[in-house]
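Student: There's a structure below that I have some questions on.
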Amino acid sequence: MEIEQIKNSILEIRGIKVILDFELAKLYEVETRVLKQAVRRNIERFPEDFLFTLTLDEWNAIRSQIVMFNKGKGNFPKYLPFAFTEQGVAMLSAVLNSTRAVHTSISIMRAFVLMRQWALNHHELSKRLDALEQQYGQKFSDIEQVLNYLIQKDQKTIQQAGRKQVGYKK
């Protein structure tokens, strides 16, 4: 299972990283209706922090960003999709109960972990840059002012040299 493909399937909805049911169905190599049916049969295993159904507004916003449906009868989902959190994906492997589901869930967990590590590293780098800007910000602004003054002074000198001399000439 390619981690990059999984990372591209992970979206942020309501401030939570999730994967939609039709993306999971592709990864698990089952039909979306089969996946949803298994979840509905075991709904007690999926509390709100594991799984939620998108609102119509959320779904329309996602659909407008992802061109994925052809026009015509039968080419669009009848029901709003489920959004599975990381814990919901882990629970899904138990519900689907196949070796494919176990291997796919492991790959998905690795993708979530990689994304979390990247976000932490990004946050840490951002903090370090802020600290450097605070530490050296005043020094850099002073140097910038001096450079601007020198550039303006050179431009004035060049402008003066290009003028025709007026007055007493030797």
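FYI, it's all coordinate maths here, none of it is from the lab. Since we're looking at a predicted model, the values are computed, not measured. Neighbour counts run over all protein chains shown; Cβ positions are idealised from the backbone, glycine included.
Student: Roughly what would the spin-label model give for residue 14 and residue 49, points 7 Å off Cα along C-beta, in nm?
Tutor: In this crude label model, residue 14 to residue 49 measures out at 1.3 nm.
Student: Also, I was wondering about something else. Taking 0.36 nm per intervening residue step and subtracting the Cα-Cα distance, what contour gain separates residue 146 from residue 107 on full extension?
Tutor: 8.6 nm
Student: Order 24-36, 95-107 from most to least packed using the mean count of other Cβ atoms within 10 Å.
Tutor: 24-36, 95-107
Student: Note down the relative contact order for segment 3-122 as a percent, whole number, built from C-alpha pairs under 8 angstrom at least six residues apart.
Tutor: Averaging sequence separation for qualifying contacts and normalising by length gives 35 percent for segment 3-122.
Student: Dipole of segment 3-122, Cα-centred, from +1 at each Lys and Arg C-beta and -1 at each Asp and Glu C-beta, to the nearest 20 debye?
Tutor: The dipole of segment 3-122 has a size of about 340 debye.
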